[in-house]
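Q: The structure follows.
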Amino acid sequence: MATNLDFIKRESADSVSSFTITDIFSADYDVYQVYVTGNGSQGTSSLSAEFLDSGGSDIATGNYVYAILRMKPDAAFDDIYGTGGNSFEFTYTSATDYDFSSVITVYNPFSSSTYTYCSTQGNSYYANKGLIVAKSSTSAVSMKFWANQNFTPINVSVFGVK
């Protein structure tokens, strides 16, 4: 894979339980790097994302296929997998460590002839790696991030990969 990154967009929000970054995917790139950092409020655990079309609707509601390995420092690792998901987990915080950072590599989000694929790598109290398929050939242009409580804050930076 090429290693040159072209900056597309950076946005932040504070004290929100969901956050959408719009107009980040286009026909200009086939591969994108999405960097997500921040802090989840106490009680936040699974931090999730979904791909949105130009009208702001999830492109794959009920059609996310995922396989995620949660690597805990103090217990056995967890395999999280399934089909028919409404979103995908991009990182998992704990009751004592709310800071997080994640890299989501997205493949072909704007293509209308193939599914959107992505890989995730995140770190908080738990580390995680994941593979996700959004089983839809609808073009994605945006991403929505959400948690069961507020992000304090969330920062998202998007790059096209050449």
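The values are calculated or read from the model by the stated rules, or taken from the named source; none is laboratory data. It should be emphasised that the depicted structure is a prediction, and the values quoted were computed from it without experimental measurement. Cβ placement follows ideal geometry from the backbone for every residue including glycine, while neighbour counts extend to all protein chains displayed.
Q: Can you work out which of the residues in the stretch 44-80 that are part of a strand (DSSP E or B) and hydroxyl-bearing (Ser, Thr, Tyr) is farthest from Thr116 (Cα to Cα)?
A: In this case the residue turns out to be Ser46.
Q: For the stretch 14-43, give me the residue count where each residue is touching a Pro at 6+ places or on another chain (Cβ under 8 Å), at pLDDT below 95 and in a strand (DSSP E or B).
A: Residues meeting the conditions: 2.
Q: Out of all the residues in the stretch 126-145, which are surrounded by 17 or more Cβ atoms within 10 Å (Cβ to Cβ) and under 13 Å from Tyr98 (Cα atoms)?
A: Matches in the stretch 126-145: Tyr126 only.
Q: Could you say which residue among Gly56, Gly38 is touching a residue at least 60 places away in the same chain (Cβ under 8 Å) and loosely packed, with under 13 Cβ neighbours inside 10 Å? It would help to see each step written out before you state the result.
A: Numbers: Gly38 fails: loosely packed, with under 13 Cβ neighbours inside 10 Å.
Result: Gly56 is the single residue among Gly56, Gly38 that is touching a residue at least 60 places away in the same chain (Cβ under 8 Å) and loosely packed, with under 13 Cβ neighbours inside 10 Å.
Q: Give the number of residues within the stretch 81-100 that are in contact (Cβ under 8 Å) with a residue 24 or more places away in the chain, touching a strand residue (DSSP E or B) at 6+ places or on another chain (Cβ under 9 Å) and either under 17 Å from Ala127 (Cβ atoms) or assigned to a strand (DSSP E or B) (or both).
A: Number of matching residues: 9.
Q: Still on this structure, I have one more. How many residues are surrounded by 23 or more Cβ atoms within 10 Å (Cβ to Cβ) and at pLDDT 95 or above if we restrict to the stretch 146-158?
A: Here the count works out to 2.
Q: While we're on this one: Residue check, Ser15 against (1) of a type in the set (Gly, Ala, Ser); (2) closer than 19 Å to Val133 by Cα; (3) surrounded by fewer than 12 Cβ atoms within 10 Å (Cβ to Cβ), all met but one. Which one?
A: Against the list (1) of a type in the set (Gly, Ala, Ser); (2) closer than 19 Å to Val133 by Cα; (3) surrounded by fewer than 12 Cβ atoms within 10 Å (Cβ to Cβ), Ser15 comes up short only on (2).
Q: So which of Arg10, Arg70 is under 16 Å from the mean Cα position of the chain (by Cα) and under 20 Å from Val141 (Cβ atoms)?
A: Of the residues listed, the single one that is under 16 Å from the mean Cα position of the chain (by Cα) and under 20 Å from Val141 (Cβ atoms) is Arg10.
Q: Looking at Tyr107, is it aromatic (Phe, Trp, Tyr) and within 22 Å of Ile8 (Cα to Cα)?
A: yes
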